[in-house]
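Notes follow once the structure below has been shown.
Read the figures in this text as sums done on the coordinates, not as results from a lab. Not measured: the values here are computed from a predicted model. Because the Cβ atoms are built from the backbone with ideal geometry, glycine has one as well, and the counts that use them run over all protein chains shown.
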Amino acid sequence: MGLVHLMKRTSFVSYGRSLFGLLSAGRAPVPLLRMFRKLHPTERLQPATVPVPYRLRPYEPGDEDSWVGLLNGSGEFGLWDRRRLHDEVVGPLLPGGGVFVTVGDELVGCASACFVDEFEPYAILMYVALLPGHRGRGLGHALVWETMRAAQRAEVPGMLLHTENHRLAAIRTYFQLGFLPRLGTGAADERQWTDVLGKALLRREE
Ligand SMILES: CC(C)(COP(=O)(O)OP(=O)(O)OC[C@H]1O[C@@H](n2cnc3c(N)ncnc32)[C@H](O)[C@@H]1OP(=O)(O)O)[C@@H](O)C(=O)NCCC(=O)NCCS
């Protein structure tokens, strides 16, 4: 993938800070960790469940302002407005690919499965986030699972994602759901993965 092309197309990054931003800031970017999860049409993906008072539901038109508020409230992926949400997420969304965790009418978590030309035929998992007060309860697991179900319904053969070294809770979640490291041009190499895996997966008896 050419650099100019890459700089034009930043929406595949699942973590928000664009490669364009990194490059234009003049810093050598640390390669993103790329992960892949195959989806077989006959695999039975049962609906995820979440504990009371949480609920899971898909994105519906009209959710945009609340979604922008959630992404800003997560404090993770820079500043959001309706334009950015449309360009990076809602525009390329798969049918049913926008998933929320709610408490009453409030959105407290989100994830999205999108189509981006560079990575077809696969779906791209993007912007998985929970508000800080709702982490540590397995809700990220449920969000990603529901995007996988949407991708399977859309007859997509697999999902890709890109993330960063420090997102250990996310990386552990992705492994638990069957995503595996994928090496390749522009993505993290074996050495980078070895370091991250030690932190995300290895645990000592306490
Ligand atoms: C990713 C995210 C949605 C996961 O939320 P969550 O479901 O509440 O995740 P948890 O806190 O339960 O952590 C998931 C797992 O990682 C583990 N974990 C959490 N923090 C960890 C850390 N610093 N190091 C290693 N493991 C960690 C948890 O113990 C848990 O493991 P377990 O399932 O074996 O118990 C949430 O952390 C978040 O919003 N992060 C910020 C945004 C982000 O990084 N998004 C991903 C972009 S690619």
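Once the other residues with Cβ under 14 Å from the Cβ of Leu202 are scored (Lys, Arg +1; Asp, Glu -1), what is the net sum? Display every interim value, and only then the final one.
Values: positive: Arg172, Lys199, Arg203, Arg204; negative: Asp195, Glu205, Glu206.
The answer is +1.
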| field | Most positive-pole-ward Cα, Ala170, Phe77, Pro157, against dipole of the chain from beta carbon charges | value | Ala170
| task | Counting residues in the chain as N, plug N into 2.2 N^0.38 Å and put the Cα Rg over that result. | result | 0.98
| message | Which of Tyr54, Tyr127, Tyr174 ends up with the largest GNM mean-square fluctuation for the chain, with Cα atoms connected below 10 Å? | response | Tyr54
| query | Dipole magnitude of the chain about its Cα centre, charges +1 at Lys/Arg Cβ and -1 at Asp/Glu Cβ only, in debye to the nearest 20? | reply | 480 debye
| For Arg137 and His86 in the same chain, what is the full-extension length gain: residue separation times 0.36 nm, less their Cα-Cα distance, in nm? | 15.5 nm
| said: What is the sum of charges, Lys and Arg at +1 and Asp and Glu at -1, for the other residues whose Cβ falls under 14 Å from the Cβ of Leu168? | reply: +2
| request: Quick one: check the C-alpha center-to-center distance for region 39-85 versus region 176-190, whole angstrom. | output: 24 Å
| query | Looking at the square roots a ≥ b ≥ c of the eigenvalues of the Cα gyration tensor of region 40-161, which shape do they give, rounded for a/c under 1.5, prolate if a/b is larger than b/c, or oblate? | reply | oblate
| task | Between Leu39, Leu160, Leu79, find the one with the highest GNM mean-square fluctuation for the chain; connect C-alpha pairs within less than 10 Å. | result | Leu79
| remark: Here the FRET efficiency for Glu118 versus Leu201, based on Cβ atoms and R0 = 35 Å and rounded to 0.05, is 0.80
| request: Go through Ala113, Val52, Pro132 and say which Cα lies farthest out towards the positive end of the charge dipole of region 40-161; charges sit on Cβ, +1 for Lys and Arg, -1 for Asp and Glu. | output: Val52
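For region 40-161, with only Lys/Arg (+1) and Asp/Glu (-1) charged at the beta-carbon, what is the dipole magnitude about the Cα centre, in debye rounded to 20? Please report the intermediate quantities before stating the final value.
Details: 10 positive and 16 negative charges, 102 e Å.
The dipole magnitude comes to about 480 debye.
So what is the 222 nm mean residue ellipticity for the chain from helices alone, if each DSSP H run of at least 4 adds -39500 (n - 2.57) and you divide by all residues, rounding to the nearest 500 deg cm²/dmol?
Working: 7 runs with 63 residues, N = 206.
Calculated from helices alone, the mean residue ellipticity at 222 nm is -8500 deg cm²/dmol.
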| said: Using a Gaussian network model on the chain with a 10 Å cutoff between Cα atoms, which of Pro181, Pro58, Pro95 fluctuates the most? | reply: Pro95
| field | Simple spin-label estimate for Val52 and Glu106 in nanometres, 7 Å along Cα-Cβ | value | 1.9 nm
